[in-house]
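Accompanying notes for the structure given below.
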Amino acid sequence: MFRFNRPYHEPLQVSFRNALVTSYVAKVVATVIIVLLGAMLVLFFLFASTYFPEFGSTAAGFIGVFVGAGISALVSIALQSDQFKAQALRSKKERIYRPLYEELVALATALQENPYPWQIGFRLIHDEDISESYPSFSIWSEISSDGRRIDVPDWLTKAFDSFLKELSEYNDSYDKCSEFVELALCNNLIQQGFIKEAKGFSAFSGVLRNDFEETSTAGFITMKFVDKDAMRDYEKKASQLIPELFRKYSQADCVNELRILYQFSILVHLHWLTREIKKILKYIDIKYESQDRYL
């Protein structure tokens, strides 16, 4: 199942707000240190000017130089810190979050147009069989392989890792369940005396979608009939027989489990991840691009 530490209801801004709070605390600490050092230096020069009057004018000059340098250093540190943070987030946006969002949206669109595909790719592009046509989400494997994942928050890393495990589970379950339905359907037609063998079952996605009411084909690429009479008998009964068999197998345990995995794990978590990445992109745009508030 899809597990990660960060709960669904936690606002996304909390993760970034924590980073901002940490930055502000660091600035406050630096300011306090500078103020304390300045106060100590002022006291020292006051003491020196009291007991050693000849140092009065020199002390005043040193105090002015120190205060000016301290203010300048503090402003410089604050600006550099925010600029560095903004540059880092912009880099993450283009290197990590935008590619993730684009592939998540593309995958959601593909699954909407073609539900229950026979496979969902998630490995590196060069490890996939590009001659086959199926939806793919390979960007997270690329991010993990080239080290970009170290710049992704831990809760999001765990979420994507879990999502890929679900895709792998779906692919394995689809293959096993498709083989089960193919064997059961083939054996049924053999037992009824229609065929000797059948190969290349391609109608399993229709079984998953319950899209077989009007079908009259068993979905096999090749079917070897017992004889011509058996073939004619099959053709007469197919329009009623095949939907009945598909309806029966569509309620098999493995089929129902695969539907649950697809609908309530893969689709739900795909939409959740898409929404979270969109929030991150929006946050970066608002905080560090549309406004210059922290620069």
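Every read-out reported here was derived from the displayed coordinates using simple, explicitly stated rules and does not represent laboratory data. Note that this is a predicted model, so its numbers are computed, not measured. With ideal geometry, Cβ positions are generated from the backbone for all residues, glycine too; neighbour counts draw on all protein chains shown.
Here are the numbers for the structure shown:
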| quantity | calculated |
| --- | --- |
| Residue-span extension gain [M40 to Q87] - 0.36 nm each, minus C-alpha spacing | 13.2 nm |
| Partners for K282 among lysines (Cα-Cα distance below 17 Å; same-chain residues under 8 apart left out) | K85, K92, K93 |
| G121 long-range amide H proximity, modeled H, under 5 Å | S136, F137 |
| Charge sum, other residues only, whose C-beta stays under 12 Å from S168's C-beta, Lys/Arg counted +1 and Asp/Glu -1 | -3 |
| Under-5 Å amide H pairs with F201, H placed in peptide plane, nonlocal only | I221 |
| Estimated inter-spin distance, E244 and K278, nm [label 7 Å along Cα→Cβ] | 4.7 |
